Amino acid sequence: MLTDLLQNIYSRIAQLGKAIQELKNSLDALNKNIEQKITNLTLKLQEFSTEIKITQTKHIDTVKEIGAVTTKELIKIQEGLGLDAITNLINKLEEIVKISGGVLNQDTVNLLLSEAIDSVKVLKKSVKKEV
């Protein structure tokens, strides 16, 4: 009976050892699976990071390109509409106003009219003498 009991205990210990070995194998497989998943996740994150950097750079380059093209087109439109010529014309007209303000004062106008009237009188006299 003691032998049966010992054999029973030994049998149970053997089963327990077998179950522990199976549990160890199962845990090893689980660890290996988790390790593989972590490795895959790390690789995917690296790929994703690289894609973000590439995409970010492309977006910045695209925006810069759009800005440069838009600036060129605005300059073409400005030149096509003659906005530069109008601005230059306005500046020149303002200069003429400043200059003529000094030249066309009352004394200068009176002098010019006096000279014009004298010239007309001289022309009339010369025309009468010839006729």
- What does the charge add up to near residue 70, with Lys and Arg as +1, Asp and Glu as -1, over the other residues with Cβ less than 14 Å from its Cβ? +1
- Quick one: if you take sqrt(5λ) for each eigenvalue of the C-alpha gyration tensor of region 27-81, what semi-axes come out, biggest first, whole angstrom? 52, 5, 4
- Message: Tell me the per residue accessible area of region 53-131 using a 1.4 Å probe; a whole number in Å² is fine.
- Response: 92
- Item | region 87-92 - phi-based ³J(HN,Hα) in whole Hz, Karplus 6.51/-1.76/1.60, Gly and Pro as x | 4, 5, 4, 4, 4, 5
- What spacing in nm lies between the two simple spin-label points modelled at residue 119 and residue 57, each 7 Å away from Cα in the Cβ direction? 7.5
- Query: Given the C-alpha centroids of region 41-75 and region 7-24, what is the distance between them in whole angstrom?
  - Reply: 62
- Query: Say the dipole of region 24-112 comes from +1 at the beta carbon of Lys and Arg and -1 at that of Asp and Glu; which of 33, 69, 105 then lies farthest toward its positive end?
  - Reply: 33
- List the equivalent ellipsoid semi-axes of the chain in whole Å, largest first, each obtained as the square root of 5λ for an eigenvalue λ of the Cα gyration tensor. 115, 14, 6
- Query: Could you name the lysines in cross-link range of residue 64, using Cα to Cα under 28 Å and dropping any fewer than eight places away on the same chain?
  - Reply: 53, 72, 76
- On the protein heavy atoms, probe 1.4 angstrom, tell me the percent of accessible surface of the chain carried by carbon and sulfur. 64
- Message: Suppose the chain between residue 28 and residue 74 were pulled fully straight at 0.36 nm per residue; how much longer would it get relative to their current alpha carbon spacing?
- Response: 9.8 nm
- Which of 60, 20, 83 sits farthest toward the positive end of the charge dipole of region 4-107, with +1 on the Cβ of Lys and Arg and -1 on the Cβ of Asp and Glu? 20
- Dipole magnitude of region 33-100 about its Cα centre (Cβ charges: Lys, Arg +1; Asp, Glu -1), debye to nearest 20: 140
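The values are calculated or read from the model by the stated rules, or taken from the named source; none is laboratory data. Quick caveat, the model's predicted, so the values are computed rather than measured. Quick reminder, even Gly has a Cβ in these numbers, built from the backbone with ideal geometry, and neighbours come from all protein chains shown. Side chains included, ligands, DNA and RNA excluded: accessible areas come from the protein's heavy atoms. Shrake-Rupley method; radii C 1.70, N 1.55, O 1.52, S 1.80 Å.
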